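As structure tokens, the structure follows; a few thoughts come after it.
No lab work stands behind these numbers, since they all come straight from the coordinates. The shown structure was predicted, so the numbers you read here are calculated from the model rather than taken from an experiment. Cβ coordinates were reconstructed from backbone atoms using ideal geometry, including for glycine residues, and neighbour counts include every protein chain displayed.
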Amino acid sequence: MSSTAARTDALPEPVQVFMAYMDVEKRASKATLISYEKDLGQFEDFLKERRKSLSAPGSIEPDHIRAWLAKLHGQRLAKSSMSRKLSSLRSFFKYMVRHKFIDRDPMVGIRNPKQEIRHPRSLNVDQAISIMDSHVGAEPEGKRDIAIVELLYGSGLRVSEAISLNLFDADTSSGVVRVSGKGNKERLSPLSDAARRAINDYLAVRNELGPALEEQAMFVGNRGGRINRRQVNRILARMADQAGVYGGVHPHMLRHSFASHMLQSGADMRSVQELLGHEHLSTTQRYTHLNLQQIMNVYDRAHPLAGNQSPDSPKEEDEDQFLKF
């Protein structure tokens, strides 16, 4: 039994069966399993207050789910988090119906809350380059840190994808990296020239970090084990600070910047979708709105007919900024 399965022992048996299915047969990621366990556990706690339980999933009515949503709304939970919890319930009840544990799905007719429109925050080109060029310390840590950040920005990788890379996933001679994305879907992403150099420079000194002979992780921490997300957050925060780029720079912002700058430079939407590993084009389309908004802001500040400044006082820096888009 996996450690994840062991953590579900306190949950009702139908939930344990579902979790084992997701773990063993579907091979869901650790993060997905933790989310399912948390969401189903919270719903079970809510049901117990009403003398119900997922131990009898056939007794659950749509009104129970709506009441839970109302409670979450009252707690001011983000709509995106509410949608994720509903997704966990949908997966559970679909499994129950498919395997004939219950006759009907109480999730039928339950819709996700209407999502707020959230647009990703990205860096401008100068900020991104200044972070890439920042000096972060002596080798081997410094070379490792530069290689990670070059991958996040140069190839648009998620931080989870970067830290999951193994030694032979990056082929610097051919300029591609094999990435395991969401749902364990593999894709090949191109490596920039800077990323190829940075990876080669880092791999030449990787053993100085003391990895065990059997350690396959490309990026290792100071104790020789696979580097984790929190360490990458600290690395990027330090590099951004040294570059004078403030405002909460985080790893995913480099991925946003990669997508935004690709589209600004004329890349087509489908190609950027493939590079990012997005399943749906609508996810990639968020960046077109971001770019349009940037251009409109520059227009409002710089154009003499926009009404926001005197026609006699165009700003040179705004014209320069417009050329970057």
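Any idea how far the Cα center of region 165-233 sits from the one of region 13-50, in Å?
A separation of 32 Å, based on Cα centres.
Apply the Karplus curve 6.51 cos²θ - 1.76 cosθ + 1.60, θ = phi - 60°, to the phi angles in region 152-168 and return the couplings in whole Hz, x for Gly and Pro.
5, 8, x, 10, x, 6, 5, 4, 5, 6, 5, 6, 8, 5, 9, 4, 9
Which entries in the list LYS71/LYS182; LYS26/LYS71; LYS48/LYS182; LYS30/LYS185; LYS26/LYS85 go over 27 Å, if you measure between the two C-alpha atoms of each? Don't jump to the answer; show the numbers that get you there.
Values: LYS71/LYS182 30 Å; LYS26/LYS71 31 Å; LYS48/LYS182 34 Å; LYS30/LYS185 15 Å; LYS26/LYS85 19 Å.
Going by Cα-Cα distance, LYS71/LYS182; LYS26/LYS71; LYS48/LYS182 fall outside the 27 Å limit.
Quick one: what are the phi-derived ³J(HN,Hα) couplings along region 231-242, Karplus 6.51/-1.76/1.60 with θ = phi - 60°, whole Hz, x for glycine and proline?
Result, ordered by residue: 5, 5, 4, 5, 4, 5, 4, 5, 5, 5, 5, 5 Hz.
Hey, with R₀ at 45 Å, roughly what FRET efficiency would HIS250 and GLU13 work out to, going by the Cβ-Cβ distance, to 0.05?
Working: r = 40 Å, r/R0 = 0.89.
The computed FRET efficiency comes out at 0.65.
Simple spin-label model, 7 Å along Cα-to-Cβ: ARG98 to SER35 in nm?
1.7 nm
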